[in-house]
Amino acid sequence: MDYPDDSALLTRLLAGEQKAFRELVGTYQSAMRAVAFAIVGSRNADEVVQDAWLAVVRNLDSFQGRSSLKTWLLTITANTAKTRLKHNRREVLLDDLPGPHGSVGDERFAADGHWLLAPHAWHQDTPEALLTEGELRECLEKTLASLSELQGSVLLLRERQGLELDEICNLLQVSLSNVRVLLHRARLKVFATLEHFEETGQC
Amino acid sequence: MLSCKELVAHSSDYLDSQLNLRMRLAVRTHLAMCRNCRRFIRQMRLSQLVLRRLPQGQNAELDALAQRLAELRRQSS
């Protein structure tokens with residue numbers, strides 16, 4: 001097997017060990033939800049993820065280890081979601097819902113392209129220090145919830161799950177240029193929320 | 001030369017190594033000279049790390065799911 005980290009876990013999964021399944025769902029459930037969200041939308045995402053997990057258990061014996069477990073799980077999720085859609089997928093929604101704290105828009109720059117309102121230094125400069133503020137965590141959740149399904153999923157798969165951009169394109173069947181646009185806009189909204197919180201101390 | 005506004009527009013592609021050599025050099029040159037944009041990029045990276053560390057909750061739900069899947073597996077094998 002090419003993915004040694006997976007092979008120990010796989011042995012335990014095949015034996016039906018509950019702790020192994022807990023590790024598996026703990027590691028991959030949110031990535032699977034993100035894939036399902038992006039393809040079928042929030043209404044059907046939970047059902048798709050459930051079906052995907054059942055398919056995973058059903059097909060565990062035939063998993064060959066030619067890809068990582070992660071890729072295998074996310075591919076099953078994407079396929080389950082696409083089967084649910086059957087007809088052609090929804091149009092890729094590139095329209096951009098406004099974030100609660102905006103973005104980094106044109107108003108931040110002078111006509112010559114220089115910063116007009118440059119970023120200030122933040123009080124905290126490590127993620128741990130920033131996240132000790134419970135209110136900031138809630139505030140970020142709000143911003144994430146404000147993203148469109150596809151945009152939120154792309155952000156989550158990239159930043160939290162560490163997927164490569166081409167993996168995201170393949171799973172969600174979105175072009176690379178669209179993924180780049182979605183990701184960039186999402187990141188600027190998250191940035192704006194952090195910046196707002198650092199400047200005002202509130203959400 | 002690249003303006004600050006253009007740098008911000010290309011910042012995600014810079015962070016994801018999606019820029020061609022010429023643009024990458026342009027970004028690096030700009031960053032070497034512009035404190036504001038260095039700070040912006042640093043804060044963008046920090047935002048990425050914050051998202052990665054954001055806790056996720058929903059543990060009880062995952063416990064139940066794991067139990068169901070493990071049972072299913074044991075029944076089928």
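In segment A:144-171, of all residues being out of contact with any helix residue (DSSP H, G or I) (no Cβ under 7 Å at 6 or more places or on another chain) and of a type outside the set (Asp, Glu), the one that is farthest from B:Arg45 (Cα to Cα) corresponds to A:Asn170. Filtered by the rule that a residue be at the interface with another protein chain (Cβ under 8 Å from one of its Cβ atoms) and β-branched (Val, Ile, Thr), segment B:2-46 gives a lone residue, B:Val8. Being closer than 30 Å to A:Leu54 by Cα and of a type outside the set (Asp, Glu) holds for only one residue in B:Arg53, B:Arg42, and it is B:Arg53. All conditions but one from (1) under 17 Å from the mean Cα position of the chain (by Cα); (2) modelled with pLDDT under 95 apply to A:Ala186; the one that does not is (2).
What number of residues within segment B:37-52 are of a type in the set (A, V, I, L, M, F, W, C) and more than 14 Å from B:Leu7 (Cα to Cα)? So that I can check it myself, show each step before the final result.
Of all residues in segment B:37-52, those of a type in the set (A, V, I, L, M, F, W, C) come to B:37, B:40-41, B:44, B:46, B:49-51.
Among the residues that remain, those that are also more than 14 Å from B:Leu7 (Cα to Cα) are: B:46, B:49-51.
Final tally of qualifying residues: 4.
Taking (1) on the phi < 0 side of the Ramachandran plot; (2) in contact with a Ser or Thr (Cβ under 9 Å, 6 or more places away or on another chain) in turn, A:Ala121 satisfies each apart from (2).
Residues are listed down the side, and each one gets a yes or a no for (1) farther than 23 Å from A:Val49 by Cα; (2) facing chain B (nearest Cβ under 9 Å); (3) in contact (Cβ under 8 Å) with a residue 40 or more places away in the chain:
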residue: A:Thr132; (1), (2), (3): yes, no, no
residue: A:Leu155; (1), (2), (3): no, yes, no
residue: A:Gln161; (1), (2), (3): no, no, yes
residue: A:Ser177; (1), (2), (3): yes, no, no
residue: A:Gln202; (1), (2), (3): yes, no, yes
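Looking at B:Arg38, B:Arg53, just one residue is modelled with pLDDT under 95, more than 30 Å from A:Leu60 (Cβ to Cβ) and touching a helix residue (DSSP H, G or I) at 6+ places or on another chain (Cβ under 6 Å), and that residue is B:Arg53.
Answer yes or no as to whether A:Leu140 is within 8 Å of another protein chain (Cβ to nearest Cβ), touching a residue at least 24 places away in the same chain (Cβ under 8 Å) and among the hydrophobic types (A, V, I, L, M, F, W, C).
Answer is yes for this residue.
When segment A:94-119 is filtered for residues that are within 8 Å of chain B (Cβ to nearest Cβ), in a loop (DSSP other than H, G, I, E, B) and surrounded by 11 or more Cβ atoms within 10 Å (Cβ to Cβ), the ones remaining, listed by number, are A:Val104, A:Gly113, A:His114, A:Ala118, A:Pro119. Just so you know, in segment A:72-92 the residues that are in a loop (DSSP other than H, G, I, E, B) and surrounded by 14 or more Cβ atoms within 10 Å (Cβ to Cβ) include one that is modelled with the lowest pLDDT, and it is A:Arg89. Can you confirm whether segment A:9-24 contains a residue that is at pLDDT below 95, closer than 17 Å to A:Glu167 by Cα and of a type outside the set (Lys, Arg)? Among the residues of segment A:9-24, not one is at pLDDT below 95, closer than 17 Å to A:Glu167 by Cα and of a type outside the set (Lys, Arg), which makes the answer no.
Of the helices (runs of 4 or more DSSP H) contained entirely in segment A:1-71, those carrying at least 2 residues that are more than 19 Å from the chain's Cα centre (by Cα) and closer than 23 Å to A:Asn170 by Cα fall at A:42-59.
The values are calculated or read from the model by the stated rules, or taken from the named source; none is laboratory data. Model, not experiment: these values are computed from the prediction. Note: ideal-geometry Cβ built from the backbone for every residue, glycine included; neighbour counts use all protein chains shown.
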